[in-house]
Every structure is written in C-alpha cells, then in structure tokens.
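Some notes on the structure that comes next.
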Amino acid sequence: MLTFSSENNKVSPQQNKRYSDRLVPYIKHLQEVAKSKKYLAPESSIVLPNDSHAIKQVQRLAQTMSSRSLKYVIVIGIGGSNLGAKAVYDALYGHTDAYMLDRSPKLICLDTCDSASLESVVEYLKKNITSEDEYIINVISKSGATTETAANMAYLFQASAKKLPKFNSRIVLTTDRGSALWELGKEKDYPTLEMPKQVGGRYSVFSAVGLFPLACLGIDIGKLCKGAQWSIKQGLSERTDSNSSAMSAIALVNYYSKGGRIHDTFFFAPALETVGKWYRQLFAESLGKVPSNSKTREAISITPTVSIGSTDLHSMAQLYLANPSSRFTTFVSVKNSAHSQRLEASDWTNLVQGLKGQTMFGLMSTIYRGVVNTYTSKKMPFITIEMKEYSEFVLGALMQMKMLEVMFCAHLLGVNAFDQPHVELYKKEVRKLLE
Ligand code: PA5
C-alpha cells in the first residue's frame, strides 16, 4: 500500500541501533495502548481506527442526516478540527472540484475570520439551497471555545438562519464532553458527537472530527480506517528496520542531531497538498517544544515545509539544490493513476522532443525520477514514500503512518507530542483583548 525507502538518509548502522533500542520499549507501550481499546493514554488516537462502536455511531448519524439530495457539507472548525477531513476530501475530490461541478456533495470549510469569503459562501448557499436536505453544518471544536469557530458560526447563523430552510435542524456538533459547545448542544438539542478527551485535534482525523464530515461526503470511512489499521500493524512492529514510521522518525531525528533544521515533504501529487498542510500542523505542533531533559531550555526547531511537484521545481529548486544539506526531504509519489490518455502528435507536442505518446502521469513520473536522481547525486538526505494509488485505504495508511512517525520523533527528541502550550498562550491573549 505504501512503499517506503530510506536509502539516502545517512544513518549509520550503529546510530540506527541506538535509536532503535530507544524506540522498542515505546513501541511495546503503544502495543499495550492499542490492545487496551481505551482512551486513557495520550497516544490513544491509535485506538480510533479499531473503534467499531464509534465508527458505527458516526455512520448512523451520517445516514440519518444525508440523502441523495445532499449538496454541501459545511465544516466550521480550524486546525486539528478541520484539516484532517479536508486533507482526505481534497486528495480524493477537492483538488479538481472546480472542474467537477457536478460532483455532490461538496465540502465547504470555514476556518479563519475572513469576511469576504464568508459573504461569498453565504450568498452562494442562499442561491443554491432550496431544501433542508441539501446541506449539513458540522461545527467542530475540541475545546468548544475557539474564537474563529464561534465567530464563523455566529456569522453564518446571523446571515442565513432565516434564509436557509430549517437551519437549526441541520446543525451537528463535534466536541469534548462537558465543553461549552457540548452544553449548548444539550440545551438546543443539536445532535452532538463526542471526541475522546485524550485525543488531541491534530490526531483526531479517525474520530468523529474527521469521520463524520467524510461519511456525509460519501467517502468510505470503513476503508479509511482499514488503511489506518494496516499502518498501526506495521508501525507497532518491533522490527524497526521494516517499520516505516520508525525508519522515518530515526532518519529525521538523526538529521536534526547533525544540525539540520528543515523538513520538506515534497508531494509529486498536487492533490495531496492539503495532506501536506495537515502534516505540517501535526509535525510542528507536536515537536516544536522544549525537551523535558533540556538544560538550555531551547525548543526543538525542525520547520516542516510542503512542496508540490512539479510546480515548485519552477520556484524553489534553485534554493533547494544550491543548499544540498539545508533540508531533509520526504518525497511522496503515487504509483498508479486511473488516467492514461496519451498525447497525440500535434503542433504542441512538436514543441518539446519526446512529448508525443506520453501520458500526464508518465511525465510526472519522469520528472520525479529526474529529481530523485539529482538529490542522490548531490548527496541530499531524503526518504521516499510511494502510495499505491489515491484511495481511502491508502490515504488512511499514509496519515496513520505519519502520526506514528511523529510520536516516535517526539519520543526520541524527549518532547511531549500531545500538548501545545504556546498555542494556548496566544489564544488566551486574544480572549483577553476581546474581553
Ligand atoms: O491541534 C490543535 O490543538 C489545534 O490546532 C486545534 O485543533 C485548533 O486550535 C482548534 O481548536 P479547537 O478544536 O479546540 O477549536
């Protein structure tokens, strides 16, 4: 499903053994967490893909709320509360949605405070919605008190509650039990899905946070979770030399220990750009903090960046290739494509030698091979992940593989992968200003 290669990562066998010896006890701990099927440990997001009760509950509510007439799933949430669902949707449909206007239902995300886009979304909805079964509004917030989320819902309510049919009956909440949003749900009788308390936003894609909107969008969440289960099986293997999450974490931490400070995930698949953004949050928010045993109190600083092939070769390649040791790269490519139309001879194929007879997918693969060869010859550190195809299963596998990788990085770096003290700092400051 995912083929992982770690050939150019520059970890010596001795270093590899040292890292591996530190990871194995942690892997054993994760095996216990997965076996417990309980949401008690900070790592309990790994229980989610096997939680058939929670998955069925999501499927049932999605079935009750959805019908063939459903046109729009409006997600109001930010960061960990919307990026996972958006990543999966964009990878499967969103990237080309503008050209596939007949595909329904569509995902509409409202995250930041932007009156221009809010206004246009409201106008669009008013114009296109004629009955209540054409839309669902899912308000997602773990804390239940995030400024942007509350403001977006307040705006939508104010601008459309009287214009869209049966507005209140189309609202579903997803939040922690006991949050202010949870209490509002009880008071107003909105259907409310619970997030397990121990699961943080950035690890929540396989909880109701990601699964409910995806199920409403007609995405097979059973297959998505099966893919995640596949990666949990691989990632909880103590054989770290064949465990992709462990190998990737070891390569990254080794690179950091030698002074490297940038991790670029280079997707040779434009549809995965939002997966890149989801991963950027997961990586930065989990690792950018002071290690528990640090004397200097200096925070870990590996900046995650996202590049898209081949587009960014035309904007970033000069910088990347002129500074061969300045970043660690994870290349992500897709092996199979459903599209195979070949370019027939024309004035246009004559412009570039060798173009005639190519498929678009073949061209991308050739460019990708050229880039990997260049990185190899310049001794740039990288690993590769090849996805078998775009599918729910493979996306679930990729996202779970990455969540385990980040947990392993945090363990090796000595940081808590599950808190975000500095994010809370600015949130408090904003609340103070608003008051
Ligand atoms: O991962 C995180 O903790 C953050 O990105 C949160 O998901 C984000 O700030 C939104 O918070 P909440 O879900 O509480 O509205």
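The values are calculated or read from the model by the stated rules, or taken from the named source; none is laboratory data. Predicted model, so just to flag it, every value in this text is computed and none were measured. FYI the Cβ positions are ideal-geometry reconstructions off the backbone, even for glycines, and counts take in every protein chain you see.
Below is a table of values for the structure above.
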quantity	calculated
Every residue from the stretch 324-353 that is within 30 Å of the chain's Cα centre (by Cα) and aliphatic (A, V, I, L, M)	332, 334, 338
Test: residue 268 is crowded, with 19+ Cβ neighbours inside 10 Å, farther than 12 Å from residue 409 by Cβ and in contact (Cβ under 8 Å) with a residue 12 or more places away in the chain	yes
Test: residue in the stretch 268-281 that is within 16 Å of the ligand (Cβ to nearest atom) and outside the structural domain of residue 380 (by TED's automatic domain parsing)	no
Number of the exception - residue 24 against (1) of a type in the set (Val, Ile, Thr); (2) closer than 27 Å to residue 214 by Cα; (3) surrounded by fewer than 19 Cβ atoms within 10 Å (Cβ to Cβ)	(2)
Residue in the stretch 100-108 that is crowded, with 21+ Cβ neighbours inside 10 Å and over 24 Å from the mean Cα position of the chain (by Cα) present	no
Residue list for the stretch 126-148, restricted to those being within 16 Å of the ligand (Cβ to nearest atom) and in contact with a helix residue (DSSP H, G or I) (Cβ under 7 Å, 6 or more places away or on another chain)	137, 138, 139, 140, 141, 142, 144, 145, 147
Residue among 106, 142 that alone is of a type outside the set (Gly, Ala, Ser), at pLDDT below 95 and in contact with a strand residue (DSSP E or B) (Cβ under 6 Å, 6 or more places away or on another chain)	106
Options 175, 149; residue that is part of a helix (DSSP H, G or I) and in contact with a Gly (Cβ under 8 Å, 6 or more places away or on another chain)	149
Index of the failed condition, residue 191 passing every other in (1) at pLDDT 95 or above; (2) more than 16 Å from the ligand (Cβ to nearest atom); (3) within 22 Å of residue 46 (Cβ to Cβ)	(3)
Scope the stretch 139-163; condition more than 17 Å from residue 423 (Cβ to Cβ), of a type in the set (S, T, N, Q) and crowded, with 22+ Cβ neighbours inside 10 Å; matching residues	152
Residue in the stretch 407-424 that is within 16 Å of the ligand (Cβ to nearest atom), loosely packed, with under 15 Cβ neighbours inside 10 Å and either of a type in the set (Asp, Glu) or assigned by TED's automatic domain parsing to the domain that holds residue 80 (or both) present	yes
